[in-house]
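Bear in mind these aren't lab numbers, they're just calculated from the coordinates by the rules spelled out. This one's a predicted model, so the numbers in the text were calculated from it and none came from an experiment. Cβ sites come from the backbone with ideal geometry, for glycine too, and all protein chains shown count toward neighbours.
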Amino acid sequence: MSIISVSGLSKYFKVFKHHRGGLGAIRNLFSRQHSIVRAVDDISFEIEPGELVGYIGPNGAGKSTTIKMLTGLLVPTSGELLVNDLIPWKERQTYVARVGAVFGQRTTLWWDLPVIESLNLLQHIYKIPKENFEANLEEFHETLELGPFLDTPVRALSLGQRMRADLCAALLHNPDLLFLDEPTIGLDVVAKERIRQFIQKINHERNTTVILTTHDLSDVEKLCQRVMIIDQGKLLFDGELSRLKDKFGGQRELVVDFSEEYRTYEIAGATITAQTDLQVTYAFERGMITASELIGRLSAKYRIRDLEVREPEIEETVRRIYEERLLE
Amino acid sequence: MRLFWQLTKTSFQRHLTYRTAALAGLMTNFFFGILRAAIFVALYDLQTEVEGITLEGAITYAALGQAMIGYLSLFSWFELMNTIYTGDIASDLLKPMNYFGFWMAQDLGRAAVNFALRGVTVMIGYAFIFDLVWPRGVTRIFAVAVSLLLSWLISFSWRFLINLFSFWTPNARGILRFFFVLSWFFSGFLMPLRFFPQWVISISYLMPFPHMFNTVIEIYLGVLKGPEIILALFHQVLWVLGLILAGQLVLRLGIRRLVILGG
C-alpha cells in the first residue's frame, strides 16, 4: 500500500500581463490579460512506506510546487493526490499531524524564542505524549548535538545549528512522512555530512518515508536509492539512481600514473583526454570495454605505478540531462 | 485549550522582552494624551457638560483612549499579513492547529502585556495630573471588565479578517491602513461619538468600530446605565460572533487560492 499516490497531478498559475510605464500602471488596473504557467503538468507516481526518494530538477522546474501540494499548502488545479489515505489540502489539520517538513530556506521555529521553548510549544501543538517527547528529545539532543544552543533564540543560531534544530522539530512527533526541501542549502561540508547521516539514520531506524528535494546532487547520491527528475512541470525520470547513471552516465575515466616515460601512451579502446608528466587520463565507453580489460591491456604494454577508475559524476549526468534534454 | 494558554504565555513572555519598544510607546501615548486633554479643557471653556459628558469625563475619555491604543492595537497590525508575504504562513499551516486560535492566543499575550505596561501605567500617570472619573460599584466595574475583554475580541477578529486581504492582493498594506483610519473615526477614538450628529452615529453603529471602543468608554463613564449596559454588551457579543464567522469563511476561501511565495 503506497503512502503517497499521485496521478495526473497538475498545478497551473495565472500570470497577469504587466504593462510598463505610467500608463501601463493604469492599464494594469483594468487589464485581465494573463497567461497560464504550468508549474506542475500531469505527473503521476507512487511512493512506498520507508522509501527515501530524491526529487530533483533545475530552478523553476516545479519541485517546490509539488512539495507544497503534497504538504497540503496548495490546492491542485487537477489530478488525484492521496497521502496517508488523506487528501492533504482538504483535511489539512488531520493530515499535517502525521507529517514533518523542513524547508532549508525558512524555519518552522519561532524566530525570537529559545529553541527549547519552540520545541515545548510543538509538544502541545502535536499533542505528543510526555514519554515520547522526552525520549525523542533525548535522542535528537545526542545525534544532532543540540546541547550548546538549546537556550539560544532561533534568530541567533548559525545556519547549520538552525537546520539541526528544524530537523529535530520536524521529527518530535514521529511522523510517517518527512519532507525535506533543500535541507543542506548553504551548509559547509561537515554540517552537510552530519545532516545526511541523521536523515539516513531516521530513515533506517524509524522507517520514515523521506522525500528530499535538493540542488546538491551529492545529497541524492549519498542518500537516495530512487530519484525523480522534474523539469518544466513534467516528470522526466523516475527510477533507481544506478539506472540513471547506466543510461545517461556517458564516459567513464581511467587515470593512470606510469612508472617511467614512454614515447606514446596510446591504447586501443580508450582515448586520452588529459596528460601531465607521467599521469594520463583515458576516457572509455561503457559497454564497449570494461575497466579490467582496459587495465589488462595497459599493464601488458607499460609499467604502471598507480591507477584509478572514475565513475561519471551524477552532477555531470544530470547536467547533461537538463541541457541536452536527453529524456524527451 | 492547553495549547491556547501555552501560546498565550509564550507570546506574553516574548512581548515582555520588547520593553524598550513598550516604554517608547508608553511615552508617546502619554504625552499625546495630555495634548488631547488640554484641547478638551479649551473646548469646554465654561460649559460643565456636553452631550452628557462632563469635562472630567472628557479628560477621562482621552486618557482611556490613549491607554487602549496598545491593548487594542488601534494604530496598525500587519503581523498576519507579513507571514503571507514572506511565505512564513507555510510553517503555521503545516502545524496541526486551528489557525484562528493560533493567532488569537498570540494576540491575547500581546494585548495582556500592552494592557499592563501601556494601559494601566498611562491611567495611573494621568491620575496624578488630572481629576479622572473612576467607575463606581462592583457591577459597573464588572461590566467595564467584560466590555473591555469583548473589545479586544472584536478588535482581534476584525484585524484578523482585514489581514486576510493579503491572500488576494500582493500589497494589502494600503487597504489595511485605510481600514485603520476608518476605525479611528467611527470607533469614537478621535472624538467621542456623542459629539457627532445623529446620522454619523447611526452610520458608525452599522460597523464594528463603536463596539470595539466607544461602548467600553460609555460604560466606564456611566453614560450608559442599567439595561443599556446589558444591551451594549449583547451587541458586542454579536459582533464578536459575526466577525469570527466571517474570518473563518474568508480564511477558507483564502487558503484555497493561496500561493506560497519563495522557496
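Points worth noting:
- Among B:GLY52, B:GLY70, B:GLY33: highest mean-square fluctuation, GNM of chain B, C-alpha pairs under 10 Å: B:GLY52
- Contour minus Cα-Cα distance for A:VAL309 and A:ARG155 (0.36 nm per residue): 50.9 nm
- For segment B:174-179, 3J(HN,Hα) per residue [Karplus equation, 6.51 cos²θ - 1.76 cosθ + 1.60, θ = phi - 60°, Hz, x = Gly/Pro]: x, 4, 4, 4, 4, 5
- Per residue, the protein assembly as shown reaches -16000 deg cm²/dmol at 222 nm when only DSSP H runs of four or more residues are counted, each adding -39500 (n - 2.57).
- Put simply, the amide H of A:ILE230, placed in the peptide plane, has neighbours under 5 Å in A:ILE56, A:GLY57, A:LEU236, leaving out anything fewer than 5 places away on its chain.
- Rounded to the nearest 5, the antiparallel percentage of DSSP beta bridges internal to the protein assembly as shown is 70%.
- Reach of A:LYS63 by Cα under 30 Å, taken over lysines that are not fewer than 8 positions away in the same chain: A:LYS11, A:LYS14, A:LYS17, A:LYS90, A:LYS192, A:LYS201, A:LYS222, A:LYS234, A:LYS245, A:LYS247, B:LYS95
- Restricting the trypsin sites (Lys or Arg not before Pro) of segment A:270-328 to loop positions (DSSP other than H, G, I, E, B) with no more than 16 neighbouring Cβ atoms within 10 Å leaves A:ARG286, A:ARG303, A:ARG325.
- ³J(HN,Hα) computed for each position of segment B:135-148 - Karplus, 6.51 cos²θ - 1.76 cosθ + 1.60, integer Hz, glycine/proline x: x, 10, x, 4, 4, 5, 4, 5, 4, 4, 4, 4, 5, 5
- Contact order normalised by residue count of segment A:4-246, Cα under 8 Å, 6+ apart, percent: 27
- Extending 7 Å from Cα along the Cβ direction at A:TRP111 and again at B:LEU182 yields two label points whose distance is 2.8 nm.
- Fully extended contour minus Cα-Cα distance, from A:LEU82 to A:SER242, at 0.36 nm per residue: 54.8 nm
- The slack in the chain from B:LEU253 to B:PHE31, taken as 0.36 nm per residue of separation less the alpha-carbon distance, amounts to 75.6 nm.
- Using θ = phi - 60° and Karplus 6.51 cos²θ - 1.76 cosθ + 1.60, couplings along segment A:161-178 (whole Hz; Gly, Pro as x): 5, 4, 5, 5, 4, 5, 4, 4, 4, 6, 10, 4, 9, 6, x, 6, 9, 10
- Backbone amide hydrogens, once placed in the peptide plane, bring A:ARG252 within less than 5 Å of A:PHE284, A:ARG286, excluding anything fewer than 5 places away on its chain.
- Between segment A:119-159 and segment B:1-42, the Cα center-to-center distance that results, in Å: 32
- Simple spin-label estimate for A:LYS90 and A:GLU316 gives 4.9 nm between the two label positions (7 Å along the Cα-to-Cβ direction from each Cα).
- Residues in segment A:90-128 reached by a label modelled at B:GLN13 [backbone nitrogen below 11 Å; 7 Å Cα→Cβ]: A:113-121
- Helix A:21-30 axis versus longest C-alpha principal axis of chain A: approximately 60°, rounded to the nearest ten.
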